[in-house]
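What follows is a short report on a single structure.
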There are 2 protein chains.
Amino acid sequence: MTIDAQALDSLDIDAGTLAIDDTTADLLFRAARTVNTFTDEPVSDEQIRAAYDLLRWGPTAMNTSPLRLLLVRSPEARERLAAHMSEGNRARVLAAPLTIVAAADTDFHERLATLVPHQPDARDRFAGDAEKRLGMARTSALIQIGYLIVALRAVGLHVGPMGGMDAAGIDAEFFAANHWTALLVLNVGQPSGPEAVRPRAPRLELDDAAATV
Amino acid sequence: MTIDAQALDSLDIDAGTLAIDDTTADLLFRAARTVNTFTDEPVSDEQIRAAYDLLRWGPTAMNTSPLRLLLVRSPEARERLAAHMSEGNRARVLAAPLTIVAAADTDFHERLATLVPHQPDARDRFAGDAEKRLGMARTSALIQIGYLIVALRAVGLHVGPMGGMDAAGIDAEFFAANHWTALLVLNVGQPSGPEAVRPRAPRLELDDAAATV
């Protein structure tokens, strides 16, 4: 049996390549699925804090860390958000245990004294260029959304990302008093059952998505 | 000793919250660092394939999967790329064992027959709207760059992302014959030593990056 197990291991294409175990690779990527319907099990602030404590260490341009999270919990806030989602996403936002509006802070320069203490002039260099800040904030915050989705899975949560929304409407509804801009809305929780996911769609092979020079 | 170990476990703030082990959480996020200088150890195609086989399963809008990877390996290609990097990044590109140009495919609709087989009209719906495709490709490919960075770490590689570049120059240099557009350049390999990383910069606390409604 020991020899058999070793023989099986030697057939694993990932043997010697993955630095994480197969269960984790499945949890974070290979078996993870976009979830459309959830159980009533609540998502705690502690779970979100644990996910944030992972994602916040991922790299961003100049350590600007512009991703911001609006945690939509109250029934009233859910209704306000649902009104700006595309029709197919409204019921999902109303029903999910937690919905997160992932946003970019276009005033991220106001945090640079904390984030980039070794460059005391960092804030002032960005203060006069709102257009540059918007571009930088969007770029790094979208990369951070990638970290966020993996991090939510790493705390055992399932995610249903939704791009179908009126982002400007969400900004006016929730972010008039600050300078956040909505990028993606994510439902979070535990899948209701097999019907919670669609049949899995194919992915590209590496040779169709990469080239070498 | 057993009791001591249990007592230590009970002090772990992540106990019961993380669904991955502490070593993996450190590898992927908490202890991972942006690396500026690398050893000569090569990065194999097999390692990149293993990382891709993780990241490709991450969700994208409509499963469009627009991220593309240009693997820059030859000395000639390195020189061509370095010419379009900001001055501080040129030597890094010339010295890293592998440099990847992470790009968005603005012609992603040509792959939708493979990626979205349940919507036979998907390709044609995007064929006439290059501006919409550019926006969608950038958004999803940036999120996929988040997956990419985590996935490279999951195969034991270290990453040095660089935004300081002339993206239009890179597009003209490498992507004139297809419709990719450069988003980020990443050096990949093993850190040369303690000098490979800068002192770690702080991150925001959750309460500074999130709000609840």
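Bear in mind that the values in this text are calculations on the coordinates, not laboratory data. The shown structure was predicted, so the numbers you read here are calculated from the model rather than taken from an experiment. Don't worry about glycine lacking a Cβ; one is built from the backbone with ideal geometry, like all the others, and counts go over all protein chains shown.
For the reader, a short list of remarks on this structure follows.
- Selection status of A:ARG123, in contact (Cβ under 8 Å) with a residue 24 or more places away in the chain and outside any loop (DSSP other than H, G, I, E, B): no
- Given (1) of a type in the set (D, E, K, R); (2) surrounded by 14 or more Cβ atoms within 10 Å (Cβ to Cβ); (3) more than 30 Å from A:ASP21 (Cβ to Cβ), number of the condition B:ARG153 does not satisfy: (3)
- Subset of the range A:156-213 that is facing chain B (nearest Cβ under 8 Å) and in a loop (DSSP other than H, G, I, E, B) - its residue that is farthest from B:GLU46 (Cα to Cα): A:GLY163
- Conditions (1) surrounded by fewer than 19 Cβ atoms within 10 Å (Cβ to Cβ); (2) more than 8 Å from every other protein chain (Cβ to nearest Cβ); (3) closer than 22 Å to B:ALA137 by Cα; number of the one not met by A:MET85: (1)
Yes/no per residue for (1) of a type outside the set (A, V, I, L, M); (2) touching an Asp or Glu at 6+ places or on another chain (Cβ under 7 Å); (3) surrounded by fewer than 17 Cβ atoms within 10 Å (Cβ to Cβ):
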{"residue": "A:ARG138", "(1), (2), (3)": "yes, no, no"}
{"residue": "A:LEU142", "(1), (2), (3)": "no, no, no"}
{"residue": "A:GLY160", "(1), (2), (3)": "yes, no, no"}
{"residue": "A:MET165", "(1), (2), (3)": "no, no, no"}
{"residue": "A:ILE170", "(1), (2), (3)": "no, no, no"}
{"residue": "A:TRP180", "(1), (2), (3)": "yes, yes, no"}
{"residue": "A:ARG200", "(1), (2), (3)": "yes, no, yes"}
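- Checked against (1) more than 7 Å from every other protein chain (Cβ to nearest Cβ); (2) surrounded by fewer than 20 Cβ atoms within 10 Å (Cβ to Cβ); (3) under 17 Å from the mean Cα position of the chain (by Cα), A:GLU79 passes all but a single condition, namely (3).
- Residues satisfying the criterion are absent from the range B:113-123 (criterion: in contact with a helix residue (DSSP H, G or I) (Cβ under 7 Å, 6 or more places away or on another chain) and under 25 Å from A:LEU134 (Cα atoms)).
- Scanning the range B:56-76 for residues that are within 9 Å of chain A (Cβ to nearest Cβ) and within 21 Å of B:GLN190 (Cβ to Cβ) turns up B:LEU69, B:LEU71, B:VAL72, B:ARG73, B:SER74.
- Count of the range B:43-54 residues which are more than 7 Å from every other protein chain (Cβ to nearest Cβ) and either of a type in the set (D, E, K, R) or within 14 Å of the chain's Cα centre (by Cα) (or both): 4
- Conditions (1) of a type in the set (Gly, Ala, Ser); (2) more than 11 Å from chain A (Cβ to nearest Cβ); (3) over 26 Å from A:THR60 (Cβ atoms): number failed by B:ALA113: (2)
- Only one of the numbered conditions (1) assigned to a loop (DSSP other than H, G, I, E, B); (2) over 19 Å from A:ALA151 (Cα atoms); (3) among the aliphatic types (A, V, I, L, M) is not met by A:LEU81, and that is (1).
- Close pairs from the range A:139-150: first at the interface with chain B (Cβ under 7 Å from one of its Cβ atoms), partner basic (Lys, Arg) and surrounded by fewer than 24 Cβ atoms within 10 Å (Cβ to Cβ), Cβ under 9 Å, at least 6 apart: A:THR139/B:ARG138; A:LEU142/B:ARG138; A:GLN144/A:ARG56; A:TYR147/A:ARG56
- Selection from the range B:21-42 of residues that are of a type in the set (D, E, K, R) and at the interface with chain A (Cβ under 10 Å from one of its Cβ atoms): B:ASP21, B:ASP26, B:ARG30, B:ARG33
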